[in-house]
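Notes to accompany the following structure.
The values are calculated or read from the model by the stated rules, or taken from the named source; none is laboratory data. Note that the structure is a prediction, hence the values are computed from the model and not measured. Every residue, glycine as well, gets a Cβ built from its backbone with ideal geometry; the counts of neighbours run over all protein chains shown.
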Amino acid sequence: MTAWDIAFVAGCVAVGGAAGALVPAWVARLPDPARLDDEPDGEEPVSYAELARWPALPVVAAVTTGLTWGLLGWRLGPDAALPAVLYLAVAGILLGYVDLRVRLLPNAVVLPSYAVVVALLGGAALVTGAWSRLAWALVGGAALWLFLALLGMLTPSGLGFGDVKLAGVLGVGLGWFGLPYVLVGTFAAFVLGGLVSLGLVVAGRAHRKTAIPFGPFLLAGFLLTVMYGDPVLGWYLTR
């Protein structure tokens, strides 16, 4: 790595850490979800303000976001699509935390992310002239949304509609790099989810019907594919 590369990665780490430090405030400002009809009487719906008060959250979010941004900056460099990927990374930190705690993916984060990511990738297409990439990004998002929506209808106890909506915006991000990335990211998410679920069952921490949040695995599959999609696809295509 050159001195400029090191400075660029260090800048990504620093700015990412600052962005991650804002995650607790972002969580606290989310509108609390409405009470569900099937919730037990007397049980209060989740309060995002309460989730935001976890004492370790500022440090965990800052460190995790800083390291993730640094890795993405190292892998992609000053790529035109980097801002969109970095946004999805910090939004993913928030979504992963909330989903792990309460098995919800807030619409107040997921739905605006479509507009943010499409706008950032539109800017990337404007700068690079790669309008076909933007088209494939939209196709990738629609394809992954439809695929998980179908799975959700076939196995309603396994996937929630929040997972479907999250998959759509992650598909937009992966589609920019090519439709094969969408396939790899989806495969990685299901493999990771299956391995962790199996490990929890073997350890006695869960059973076959235990509901496990899928959002974190979608996010991990996205990040791993952005980082290592090229070598994985290169290995597969040369076999």
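Total residues in the stretch 131-164 satisfying the condition of being more than 15 Å from Gly215 (Cα to Cα), in contact (Cβ under 8 Å) with a residue 40 or more places away in the chain and more than 17 Å from the chain's Cα centre (by Cα): the figure is 4. Of everything in the stretch 87-97 that is within 22 Å of Ser47 (Cα to Cα) and either free of Cβ contacts under 8 Å to residues at least 40 places away in the same chain or touching a Pro at 6+ places or on another chain (Cβ under 6 Å) (or both), the residue that is surrounded by the fewest Cβ atoms within 10 Å (Cβ to Cβ) is Gly96.
Within the stretch 76-86, restricting attention to residues that are touching a residue at least 12 places away in the same chain (Cβ under 8 Å) and either closer than 11 Å to Thr65 by Cβ or in a helix (DSSP H, G or I) (or both), which residue is farthest from the chain's Cα centre (by Cα)? Among residues in the stretch 76-86 that are touching a residue at least 12 places away in the same chain (Cβ under 8 Å) and either closer than 11 Å to Thr65 by Cβ or in a helix (DSSP H, G or I) (or both), the one farthest from the chain's Cα centre (by Cα) is Leu76. The residue list Gly152, Gly141 contains one member that is out of contact with any Lys or Arg (no Cβ under 6 Å at 6 or more places or on another chain) and over 14 Å from Leu170 (Cβ atoms), which is Gly152. Scanning the stretch 162-178 for residues that are in a loop (DSSP other than H, G, I, E, B) and more than 15 Å from Leu88 (Cα to Cα) gives a single hit, Gly178.
Any chance the stretch 144-161 includes a residue that's modelled with pLDDT of 95 or more, touching a Leu at 6+ places or on another chain (Cβ under 9 Å) and not in a helix (DSSP H, G or I)? Within the stretch 144-161 (the criterion being modelled with pLDDT of 95 or more, touching a Leu at 6+ places or on another chain (Cβ under 9 Å) and not in a helix (DSSP H, G or I)), the answer is no, since none of the residues qualifies. A Cβ distance below 9 Å, combined with a sequence gap of six or more or placement on separate chains, defines the contacts here; from the stretch 171-182, residues that are at negative phi reach residues that are in a loop (DSSP other than H, G, I, E, B) in the pairs Gly173/Ala81; Trp176/Ala81; Trp176/Ala130; Phe177/Ala81. Within the span defined as the stretch 197-217, every residue fails to be of a type in the set (Phe, Trp, Tyr) and surrounded by fewer than 20 Cβ atoms within 10 Å (Cβ to Cβ).
Is the stretch 194-215 home to any residue that is modelled with pLDDT under 95, within 13 Å of the chain's Cα centre (by Cα) and in a helix (DSSP H, G or I)?
yes
Assess whether Leu111 counts as being surrounded by 19 or more Cβ atoms within 10 Å (Cβ to Cβ) and under 19 Å from the mean Cα position of the chain (by Cα). Taking the combined requirement at face value, the residue does not satisfy it.
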